[in-house]
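> Pasting a structure here, questions to come.
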Amino acid sequence: MVRQILLVEDNLSNRELFVEILRLNKAYELHVAENGIQALEMLETFSPDLILMDIHMPEMDGLAVTRTIKSTPELASIPIVALSALAMKSDIQSALEAGCVDYITKPIRIRDFLEKVAQYSTAREVQSPGYKEPTGL
Ligand SMILES: [Mg+2]
């Protein structure tokens, strides 16, 4: 079953890197938002299996976007993994407090990154087996 992933990342070269890594894997269908506002707009009509959330973005940072998603009942169950170059304990703590399920530091290690994507993109299938992939393919 193809897993829908939403990447929210404002930096072009980071976006290109994640797209390249994830599009090699046919298990994933990747959707990309360039900022938090765009991500929230996309989530009005689309429910991914996993959100990869950059923390540092202009206007609305990843923590604020995460809090908004987690306070929206229809979206709250979607796992969100934070992406950030900051690796202080306090940075990780604030991401977890905002509602992220895990934290990946950039630059990423591709193998660890793919393991986490695989792990968390299946989490919701287990929690709610009634979930159906969006139709259209
Ligand atoms: Mg950024």
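The values are calculated or read from the model by the stated rules, or taken from the named source; none is laboratory data. Computed from a predicted structure; not experimentally measured. Methodologically, a virtual Cβ is constructed for each residue, glycine included, from the backbone with ideal geometry; neighbour enumeration extends over all protein chains shown. Only protein heavy atoms, including side chains, enter the accessible area calculation; ligands, DNA and RNA are left aside. Shrake-Rupley method; radii C 1.70, N 1.55, O 1.52, S 1.80 Å.
> Working only within segment 93-110, note down all residues that are part of a helix (DSSP H, G or I), modelled with pLDDT of 95 or more and not hydroxyl-bearing (S, T, Y).
Listed by number, the residues that qualify are Q93, A95, L96, E97, A98.
> Moving on. Taking the residues in segment 38-77 that are closer than 11 Å to C100 by Cβ and open to solvent by less than 10 Å² (accessible area, probe 1.4 Å) as candidates, determine which candidate is farthest from the ligand (Cβ to nearest atom).
I69
> Only one of (1) touching a Phe, Trp or Tyr at 6+ places or on another chain (Cβ under 6 Å); (2) within 15 Å of the ligand (Cβ to nearest atom) fails for R3. Which number is that?
(2)
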